[in-house]
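Heads up, the thing below is written out as structure tokens.
No lab work stands behind these numbers, since they all come straight from the coordinates. What you see is a predicted model; the values in this text were computed from it and never measured. All Cβ positions, even for glycine, are placed from backbone atoms using ideal geometry, and neighbour counts span all protein chains on display.
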Amino acid sequence: MLLIAGLGNPGPKYARHRHNIGFMAVDEIARIHRFGPWRKRFQAEVAEGDIAGAKCLLMKPQTFMNESGRAVGEAAAFFKRDPADVVVFYDEIDLAPGRFRMKTGGGAAGHNGIRSIAASAVGPGFRRARMGVGHPGDKDLVHGYVLSDFHKAEAPWVEALLRACADAAPLLVAGEDEKYQGEVLRLAPAEKANPRQGKPDAS
């Protein structure tokens, strides 16, 4: 079984925040792949289903972002899953809006939800689906930026990225992370740009 967790904060007031794009991603995966109903388990909302014949458990931790590891770690321990069997979707301020990158292991880069999961029973070697939301340009503005709603003008790229993450999911469950990343970017192309300035990146 593959555990696919989306990170966010519970409750309607957080629902459209940039910090909740992970919740939005697993909601779209559940919709496209017709998962069962959401129910409460492992300090999370979970939904069971399969993608391309592979059994999956979708998770939305209800512990608030900074304690995400409590929920994901509990589920991973219960099912005796290795880090390679855990995928986490979350907002990435160091990627331009709409960009997408898969990564396995590494540091948390200041993301408290990722830090919490790395410190849990899962350990740091899990698979990360990094969903670019851009950077406000000043580190002192980051907290307010991620805890605010997407602008209406951002809806097209947000919806395209969510749908692409769901449509390409068979590659994810097959463990083809590089191909999954490429397919998401093909389905939802986004300009490579400096996340702090919204300008094309020379690199």
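Using a Förster distance of 45 Å, how high is the FRET efficiency between A54 and D138, based on the Cβ-Cβ distance and rounded to 0.05? Numbers along the way, then the final one.
On the way: r = 42 Å, r/R0 = 0.94.
The value I calculate is 0.60.
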DSSP beta bridges in segment 2-187, what fraction antiparallel, as a percent rounded to 5? 55 percent
Exposure proxy ranking, count of Cβ atoms within 10 Å, fewest first, for F100, F89: F100, F89
Place the peptides 119-127, 9-17 in order of packing, highest mean first, counting for every residue the other Cβ atoms within 10 Å and averaging per peptide. 119-127, 9-17
The answer for D50, listing residues at least 5 apart or on another chain whose modeled amide H is closer than 5 Å to its amide H, is C56
Would you calculate a helix-derived [θ] at 222 nm for the chain, using -39,500 (n - 2.57) for each DSSP H run of n ≥ 4 and dividing by the full residue count, to the nearest 500? -9000 deg cm²/dmol
Explain nothing, just the number: relative contact order of the chain, from Cα pairs under 8 Å at least 6 residues apart, as a whole percent. 25 percent
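To the nearest 20 debye, what is the magnitude of the charge dipole of the chain about its Cα centre, counting +1 on the Cβ of each Lys and Arg and -1 on the Cβ of each Asp and Glu? Walk me through the intermediate numbers first.
Details: 28 positive and 24 negative charges, 48 e Å.
Dipole of the chain, to the nearest 20 debye: 220 debye.
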Count of lysine pairs in the chain with Cα separation under 16 Å (8 or more residues apart, or interchain): 4
Eigenvalues of the Cα gyration tensor times 5, then square-rooted: what semi-axes does that give for the chain, in whole angstrom, largest first? 24, 19, 16
When L185, L3 are ranked with the fewest other C-beta atoms within 10 Å first, the list becomes L185, L3
Assertion target for K60, K179, ordered by fewest C-beta neighbours within 10 angstrom first, is K179, K60
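If packing is taken as the average count of other Cβ atoms within 10 Å, what order do 20-27, 149-156 fall into, highest mean first?
Numbers: 20-27: 25.6, 149-156: 11.4.
Highest to lowest by the protection proxy: 20-27, 149-156.
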Considering the options A52, G144, P10, tell which one lies farthest towards the positive end of the dipole of segment 2-187, charges being +1 on Lys and Arg and -1 on Asp and Glu at the Cβ, about the Cα centre. P10
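Taking the Cα centre of segment 1-45 as origin, sum charge times position over the Cβ atoms of Lys and Arg (+1) and Asp and Glu (-1), and report the length of that vector in debye to the nearest 20.
Roughly 120 debye, rounded to the nearest 20.
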